[in-house]
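The values are calculated or read from the model by the stated rules, or taken from the named source; none is laboratory data. Small disclaimer: the values here were computed from a predicted structure and weren't measured. Every residue, glycine as well, gets a Cβ built from its backbone with ideal geometry; the counts of neighbours run over all protein chains shown. Side chains are part of the model used for accessible areas, which takes the heavy atoms of the whole protein and leaves out ligands, DNA and RNA. Shrake-Rupley method; radii C 1.70, N 1.55, O 1.52, S 1.80 Å.
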Amino acid sequence: MNNFRLRSINMLDIKQMISEILDEKVPSLNSEEIYNMLEYPPDDRMGDVALPCFKLSRILRKSPVQIAEELVKEIPAHPRIEKVEAVSGYLNFFLDKQSFVEDVLSTVLKEQDRYGARDIGKGKNIVIDYSAPNIAKPFHIGHLRSTVIGNSLYKIFKFLGYNPVGVNHLGDWGTQFGKLIVAYKKWGSKETIEKGGIKELLAIYVRFHEEAEKDPALEDEARQWFVKMEQGDKEALELWQWFKDISLKEFNKVYDLLGIKFDSYAGESFYEDKMPAVIEELKEKNLLTESEGAMIVDLEEYDMPPCLIVKKDGSTLYATRDITAAIYRKNTYDFEKCIYVTGAEQSLHFKQWFKVIQLMGYDWYDQLIHVPFGMVSLGDEKLSTRAGKVVLLEDLLNQAIKRTLEIINQKNPNLENKEEVARQMGVGAVVFSDLSSNRIKDVSFSWDEILNFDGETGPYVQYTHARACSLLRKAEKEVDPNFDPALLSTKEEFKVAKTLYLFPDKVITAMKELEPSIITRYLIDLAQEFNRFYHEHPILVEDEALRNARLALVSAVKYTLKNGLQLIGLSAPERV
RNA sequence: GCGUCUGUAGCUCAGUGGAUAGAGCGUUGGACUCCGACUCCAAAGGUCGCAGGUUCGAAUCCUGUCAGACGCACCA
């Protein structure tokens, strides 16, 4: 009966403790049912954990008020519970503050960098497909979301004991290379491209679309070049490789700034020679039909448009490569989940080819998960690479770093390795901002908002962490783990401890919902609670016992902030 | 036309069917002889798009409706 909660492995689970107490008093429900009824009240005056008795009302055939009032008399004295109150149909439990604070802080101080970590994913591989920029197109702010959401999920899974595999499914194959080759041959030159890099590639790509509007024949020409690529034409492939090299060099600059690495860069071209077998397999399984000259999998039965596998000119499509890649990844990594972090506008595409995998008879079709996110717009306008309407991610990050350096020069000009700290905080501001609301929401990019570091921002959390570090440095002595919890009796200290207590739960929830913003918002809550405590109570006081107890709290906050920041891909500099 | 997602304070957003719907920004007014003021406190600001329904109880679930975003065959 006591093993139904994973999270009680490492620390006190207060809901479980209370559900066990209640289990004996409420025979009609088992411990787990009671556990699920318990909630955290909205206000401290209503206690720390509450049991709403309204549902019990029907079972026990009594009013909720009466049930609460009867139960309150039956709850036996418990060392970890200060008092229990019945208030208008709620049974409110007030924790014994001293033992709670002691339990939480000693757990954090013992686990340190591992506070919140678990081993629930031991031996399980999780493939995470994220970032996936298109070669020969600039890395712009629209690519940031996939990159940072995927990176955060990677860290979260790893923290929970999984073995994540980060795959950058580079968009290094497809018709756009045909367009680029045409554009290069007509308007480009080796010198200008080598000098201008990806910006020059973008310029000729934009020009292609302008010219193609006037002359649709260019599109046909581009398609022919792509067909040549698929047929192994030497000239086409050499140009392709060249474009790819230029692009990767550029992308790696951004990944370095962000501090992101991948386990695999197997992009679309990697699957080029693996697709014929899959197309053959689709044929053998009688899934492929011809329609308007193309080869499709008909999904009408499932209320979806058909999934295109082979174009009428014989070349392959996005879905062909995704299906091939999924099968390859299953064989290679034996994943428990394969997660695709892409824009919500691709939802139907994933739904379609997931269905194709199922129709092929693969029982792991339900291990494929699309993690969609909302669209980034620029003011009122949509970002468009074709129209050249973009904010380059490298420019954005460099702006943010520059802005941070200005602030440091103003506030803390003697700081060592200013440049590195400015990078960590400037990048942190951008990443934090991108991960601060639910991923499904559309975002409208604004320079003003992203470069404003006041309030609920990455720098705020990082600053709070640095301040905690500063206190611990000034204390000179290590925190004695045998602190006296009785000295941490104020409401600010208790609230900090309560917030610390929630962290492991938040990590689990973020993993289950594939939602890094849960961590981001938690960090703001924790930083706010800590800053209130910090303002209200002096920490480096004369009284050694009191000082040590408060430093224990500071230390626990420091570890938790650092762990949380790490999970969303941010650095936690000790001095800023 | 069909489908998916979104709609909560002036703005950006939180909010597990549960108690008086919360933050930040902005506005107004405060707090540094004191551990780092990128901080903290306070005030003002709400028909949770709208209308029904389910429920002891709905911002949350259901139906309808309005508005916006996105998607719906050879782009990814």
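Quick notes on this one:
- Net charge of Cβ neighbours under 11 Å - reference A:GLN462; Lys, Arg +1; Asp, Glu -1: +2
- CD proxy at 222 nm, helix term only [per DSSP H run n ≥ 4: -39500 (n - 2.57); per residue of chain A; nearest 500]: -18000 deg cm²/dmol
- Accessible surface of chain A [probe 1.4 Å, protein heavy atoms]: carbon and sulfur percent: 47
- With the cut-off at under 14 Å, measuring from each backbone N in the stretch A:466-496 to a point 7 Å along the Cα-to-Cβ line of A:ASN412 picks out A:466-474.
- Debye log10 I(q)/I(0) for the stretch A:251-306, one point scatterer per Cα, at q = 0.18, 0.19, 0.25, 0.30 Å⁻¹: -0.75, -0.78, -1.05, -1.15
- C-alpha long axis of helix A:347-359 to longest principal axis of chain A, angle in °: 80
- Restricting the calculation to Cα atoms, the stretch A:464-576 yields a radius of gyration followed by a Dmax of 14.3, 46 Å.
- Trypsin sites (Lys or Arg not before Pro) restricted to the stretch A:299-363 and DSSP loop, no more than 13 other C-beta within 10 Å: A:LYS312
- Base-10 log of normalised Debye intensity for chain A (one unit scatterer per alpha-carbon) at q = 0.07, 0.09, 0.11, 0.13 Å⁻¹: -0.54, -0.83, -1.09, -1.31
- Surface per residue (accessible, 1.4 Å probe) for the stretch A:402-547, Å²: 50
- Heavy-atom accessible surface of the stretch A:121-197, averaged per residue, reaches 27 Å², computed with a 1.4 Å probe.
- Cα-Cα pairs of the stretch A:420-530 separated by more than 18 Å (percent): 61
- Accessible area per residue (1.4 Å probe, heavy atoms of protein chains only) ranks A:HIS535, A:HIS169 as A:HIS535, A:HIS169, with the largest value leading.
- Basic side chains Lys and Arg get +1 at the Cβ, acidic Asp and Glu get -1 at the Cβ, and with that the dipole of chain A about its Cα centre reaches some 660 debye.
- Angle between chain A longest axis and helix A:175-187 axis [Cα atoms, degrees, rounded to 10]: 60
- Accessible solvent surface per residue of the stretch A:256-339, calculated while the other protein chains remain in place, 1.4 angstrom probe, Å²: 50
- Residue among A:THR509, A:ILE539, A:THR490 farthest towards the positive dipole end of the stretch A:410-554, charges placed on Cβ: A:THR509
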